[in-house]
Every structure is written in C-alpha cells, then in structure tokens.
Amino acid sequence: MAKTKTYEEINEKIKSGKVTVVTAEEIIPMVKEEGPAAVLEKVDVVTTATFGPMCSSGLFINFGHSDPPIKMAKVWLNDVPAYAGLAAVDAYLGATELSESQGVVYGGAHVIEELVAGKKVTLRAIAGGTDCYPRREIETKVGLEDLNQVYLFNPRNAYQNYAVAVNSTGRPLHTYMGTLLPHFGNATYSSAGELSPLLNDPYYEVIGIGTRILLGGGEGYVAWEGTQHNPAQKRNENGTPMGAAGTLAVIGDLRGMKRDYLRAAVFHRYGVSLYVGIGIPIPLLNEEIVRRVGVSNEDLTATVYDYGVPRRTRPNLGVVTYAELRSGEIKINNRRIPTAPLSSLYKAKQIAAELKERIINGRFLLTAPVAKLPFRDGVKPLREEVK
C-alpha cells in the first residue's frame, strides 16, 4: 500500500523540530532522480511563492470614532479616494485607485506601501451630518498604530498561469503587461513558473479556502476563490493549465507585513498596481502530490497573445515554455522576440526560503482547507443589452 501522510502528522513534526522542508525549486531534481515514493519518505512540505503585480488588491480600514463623531460619506487617504459606502468609519482602499492631485504617478498602492513602512498618511473625510453623527468634515494624520483594523483583502491574486503579451502594431502599447514595443519588439510575462503556488497544485488538492499562507511577509489565509477563477482551461499532460485558470482571494493583517513584499508600482501611461508577495506551503500527503510539485519550467507552458488586437478574444500566436521565457527570448512565427518578466523571481525565491525557515523553526503550522476551490468554468463576458 502506498504511503500517505496527514496534516496532523506533518504539524506534529513541525512542533517537534523534525520536519523536512524544501522549496519548489529544490524538489525538482529530487523527484527526477529519486522518484515520488522515495521523496515522500524524506520530505514533508514544499514551499511555493510568487511576487508580481496584482491589481485586484486593497485594504479594509476602520478609523475609529472622532469626537464629535462623523459618518464618513467620502474618504481620501493622501488624496486617493477610498470607498466609504460601508459603516460610519469603515472604508476600502483599492490599490489601483489614483490620486486626485497626482494622477497616474500615485495611487492606493502607494498609500498601502507607506502604511506598512510605518509612515503616517493624511486622512480627509466629509459627511452630510446626522443626529447621531453630527460632524461634517475631518482631516488628520493616521498610521498603523492609530487604526483599529487594517487588513488586506485582495479579491484576485496569485494567478495560476498568465498570458505572454506581444504587440504586432506599429506603435508602442501601454498596458497592464507593461510597455509592449511595436512589431513584436518584446514579449512580457508574469509568473514565477516552477515556484508558482497553483502551478504546483494544478487541481487544488491542498490549496483551498482556509489555507494559511505568507501574504506580504505576514500570515494570511486563502479566503475564497479569486475573481475570474476559471479552471476550465486547456491543460498539459501533467495537468498544468496553458491559460490563466485559477485565482485566489486572500486576506491578512497589514500590521504583520513587510514593505519588502508589498510594493507600489507605476505602469507607464497605464496606471498604478501593487506588487504582492505570496508564499504557500504544499504538504506532501501522497505520491501524486509529490509528482505534481516536481514540474519544472521545461514542463510548464504559457500562451502568447497579440495585445495589438483590441478585443477580448485576442489571436493565439502559439505556446512557449517557461524555460524558453527565462532564456531571454522566444521564437514565434520564425521571429526571435526578447522576453522580460513583470514578476520578480528573485523575490519569489526569498519568500519561498522565508516560508521554509518559518516552518522548520516551528513558527508556521499548516492548515487543511475547510473547502476546496471550485473546478468549473467561472468567467463570462459582460453582456451588453441593445436598447
């Protein structure tokens, strides 16, 4: 009978200091040389990670009540609008929201980075005034120590896979995939490849709702499927998707996070985004899970799309491996195209190593999902009604 492990057994090993942990990069040669059964005997946990732009991110904040109190109707943080259609002093700050005074060079992501760095930001709010909330305006400075709750809730992070973007037109295109040079002058992509969490768990066997993760350098959790979660993609023989596929909604307290793993970014003539670092442990419960974490960049593929075509269903120009993308160039239609990553492999390696160290030192226990992520087609186009 094939050997299996449980979360409880692995957590006991963590508590007793007897756990064996390797990163998703380190396990690849082990699986190839020794086979899944032998690796399962000696390794308990594999750490995965990614660090890249994740636009669908933001911050829930409770400011506390002033005296006299105010029911905030409109809120700004460093002149970046936050959504105030919640309770009196709650707000949600979106990472991509732009400053009303600075425009595309400063946004919600910058406010989040400044808060996590320990800086104060300017809070301004206005209200209509009510009997129980008579105040009509307030302006003050707030930092992490002044706030009651301040936590990231990111609706769509850690894409399982993503497109490779090129541009066939005669002019530069300024996109969320960076600046795409004319006449196929470059190809951009955004993934940690063989280190990426959901590529190491292609069918969501161990990453699910309730999974404890490293989020921005602090502890967090998978809260739900992410928006645009769409597992129904064409897959390779090893089960990994060739398209975008799954996503995660994640949550975590900003107070435990680090500026190293939450960084604001400006995409030239496009807008603001937030670089988010995510690390996820994968418990090796059986040989099949070991086999799947043994995938390498040579085994993982992404699809190349022409972003010069301004429609949702862009032309598919072919499939490339992450090994080819990492080599510095790909070949499409007999044309050699230089490649550039938007995500940071260096940072992803740091996160995977930090998570490994925390588990080995007994500072990070694993949680089994309370529910699995759905495996279904979850994305529909916007339907436009004709009047």
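So what is the relative contact order of the chain, in percent, for Cα pairs below 8 Å that sit 6 or more residues apart?
Computed over the chain, the figure is 24 percent.
May I ask you to compute the full-extension gain from H183 to K42, defined as 0.36 nm times their residue separation minus their alpha-carbon distance, rounded to one decimal in nm?
That pair, H183 and K42, stretches by 45.7 nm at full extension.
For E384 and D131, calculate 0.36 nm times their separation in residues minus their Cα-Cα distance, and state this gained length in nm to one decimal.
Residue separation times 0.36 nm, minus the Cα-Cα distance, leaves 86.8 nm.
Restricting things to alpha carbons, find the Rg to Rh ratio for the chain using the Kirkwood radius for Rh.
Rg/Rh: 1.01.
With springs only between Cα atoms under 10 Å, which of K347, K74, K42 fluctuates most in a Gaussian network model of the chain?
Checking each option, the largest mean-square fluctuation is seen for K42.
Between K74 and Y176, what length comes free when the chain is fully extended (0.36 nm per residue of separation minus the Cα-Cα distance, one decimal in nm)?
Gain in length upon complete extension: 33.9 nm.
Mind scanning K3/K347; K74/K380; K13/K349 and naming the pairs with a C-alpha gap bigger than 30 Å?
Too far apart for the 30 Å limit: K3/K347; K74/K380.
List the aspartates and glutamates whose Cα lies under 12 Å from the Cα of K119, skipping any in the same chain that are fewer than 8 positions away.
E145, D146
Once the dipole of region 232-332 is set up with Lys and Arg at +1 and Asp and Glu at -1 on Cβ about the Cα centre, which of V319, L284, G239 lies farthest towards its positive end?
Positive-end residue among those listed: V319.
Rounded to the nearest 5, what % of the DSSP beta bridges within the chain are antiparallel ones?
Counting only bridges with both partners in the chain, antiparallel ones make up about 90 percent.
Count the net charge of all other residues whose Cβ sits under 12 Å from the Cβ of A245, scoring Lys and Arg as +1 and Asp and Glu as -1.
0
What is the sum of charges around G277, taking Lys and Arg as +1, Asp and Glu as -1, for the other residues whose C-beta is under 12 Å from the C-beta of G277?
Counting the neighbours of G277, the net charge comes to +3.
Using Cβ counts within 10 Å as a stand-in for footprinting exposure, how do T227, T211 rank, fewest first?
Fewest-to-most ranking of T227, T211: T227, T211.
If R₀ is 56 angstrom, what is the calculated FRET efficiency for the pair N333 and H65, using the beta carbon separation as r and rounding to 0.05?
Result of the calculation: an efficiency of 0.35.
Label A368 and M242 with points 7 Å out from Cα along Cα→Cβ: what is the distance between them in nm?
3.6
E145 versus V105, label points 7 Å from Cα toward the beta carbon: distance in nm?
3.1
Using unit Cβ charges (K, R positive; D, E negative) and no other charged atoms, how large, in debye to the nearest 20, is the dipole of region 70-147 about its Cα centre?
About 180 debye.
Quick one: dipole size for the chain, taken about the Cα centre, charges +1 on Lys/Arg Cβ and -1 on Asp/Glu Cβ, in debye to the nearest 20.
Result for the chain is approximately 740 debye, rounded to the nearest 20.
Would you compute, from DSSP H runs of 4+ residues alone, the mean residue ellipticity of the chain at 222 nm, taking -39500 (n - 2.57) per run and dividing by the full residue count, rounded to the nearest 500?
-5000 deg cm²/dmol
Read-outs: derived from the displayed coordinates by stated rules, not from any lab. What you are looking at is a predicted structure, and each value in this text was computed from that prediction instead of being measured. All Cβ positions, even for glycine, are placed from backbone atoms using ideal geometry, and neighbour counts span all protein chains on display.
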